[in-house]
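Notes for the one structure printed next.
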Amino acid sequence: MELDTIDIKILRILQTEGRIRSIELAERVGLSPTPCARRVKMLEDEGVITGYAARVDQTKLGYMINIFVSVELEKQASENLKQFEEEIDKFEEVVECYLMTGSQDFLLKVVATDLMAFEKFLQEKLTRIPTIRAVRSRFALRSIVERNALPSPQRPSKK
């Protein structure tokens, strides 16, 4: 899908103001409401906009710790990767999971209420996945940059 400057403006606004009224969005990007709504619908239909969600302060829900966990599997065979992915998807403490290059196979972002909760997660969930060879954990002290919006494309395509 080719994006023009108006599409990029729409995306930039919606990434930071997902609850903006459609009339206000249309005004800010210089369109009337109907064409603006059509563009938003097209961005949704094309999978550029994948959904809408509320951002929640994890500390207000008691999740005081962010842990980055590197996981190495015994073998990188496709069945081991698939099994790990299916198992890790069951753990709600894992808020992000990436397949990686290099010495680690997966990088997880895990949230926990405290050290005891993380230890319980490790012992009762993560390390029980049979294909794991090694687990290394790093605790985040504080967040420096947290962006919800992606950078704008360097050169918008012409429609």
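The values are calculated or read from the model by the stated rules, or taken from the named source; none is laboratory data. Remember, it's a predicted structure, so these values are computed and weren't measured experimentally. Glycine also receives a Cβ, built like all others from the backbone with ideal geometry; neighbour counts cover every protein chain displayed. When the accessible area is computed, the model is the full protein with side chains, heavy atoms only, and any ligands, DNA or RNA have been set aside. Shrake-Rupley method; radii C 1.70, N 1.55, O 1.52, S 1.80 Å.
Quick notes
- Area of Asp45 that stays accessible when all protein chains are in place (1.4 Å probe, Å², to 10): 100 Å²
- Largest-first ordering by accessible area, 1.4 Å probe, given options Thr59, Thr101: Thr101, Thr59
- Cα centre as origin, Lys/Arg/Asp/Glu Cβ charges: region 1-55 dipole, Debye: 260 debye
- Distance from the C-alpha centroid of region 8-65 to that of region 122-140: 36 Å, rounded to the whole angstrom.
- By accessible area, using a 1.4 Å probe on protein heavy atoms only, region 110-159 has 52% of its surface on carbon and sulfur.
- List Ile132, Ile10, ordered by accessible area with a 1.4 Å probe, largest first: Ile132, Ile10
- Whole-number accessible area per residue in Å² for region 1-144, which is evaluated in the context of all protein chains at 1.4 Å: 68 Å²
- Which labelled figure in (1) 1.06; (2) 0.93; (3) 1.09 is Rg/Rh (Cα atoms, Kirkwood Rh), once derived from the coordinates: (3)
- Whole-Hz ³J(HN,Hα) from phi, Karplus 6.51 cos²θ - 1.76 cosθ + 1.60, for region 57-65, glycine and proline x: 6, 4, 5, 5, 9, x, 8, 8, 10
- Accessible-area value, Ile13, 1.4 Å probe, nucleic acids and ligands omitted, Å²: 20 Å²
- Cα gyration tensor shape for region 98-154, rounded if a/c is under 1.5, else prolate or oblate: oblate
- Dipole axis of region 4-159 (+1 Lys, Arg; -1 Asp, Glu on Cβ), positive-most option in Ala140, Ile88, Leu11: Leu11
- Extension reserve of the Met116-Leu141 stretch, reckoned as 0.36 nm per residue once the Cα distance is removed: 7.3 nm
- In the complete set of protein chains, residue-level accessible area for Glu87 is approximately 60 Å², probe 1.4 angstrom.
- Apportionment of accessible area to carbon and sulfur, region 1-89, percent (1.4 Å): 49 percent
- Helix-only arithmetic for the chain: the sum of -39500 (n - 2.57) across DSSP H runs with n ≥ 4, divided by the residue total, places the mean residue ellipticity at 222 nm at -10000 deg cm²/dmol.
- For Phe106, nonlocal amide neighbours, meaning residues 5 or more places apart or on other chains whose placed amide H falls under 5 Å from its own, are Val71, Met100.
- Potential lengthening between Ala149 and Glu86 on full extension [0.36 nm per residue; Cα-Cα distance subtracted]: 19.8 nm
- Residue order by solvent-accessible surface for Glu146, Glu86 is Glu146, Glu86, largest first, with ligands and nucleic acids left out and a 1.4 Å probe.
- Dipole of the chain, positive end: most advanced residue of Leu122, Leu99, Gln154 [Cβ charges, Cα centre]: Gln154
- Cβ charges +1 (Lys, Arg) and -1 (Asp, Glu), total dipole of region 20-91, debye: 520 debye
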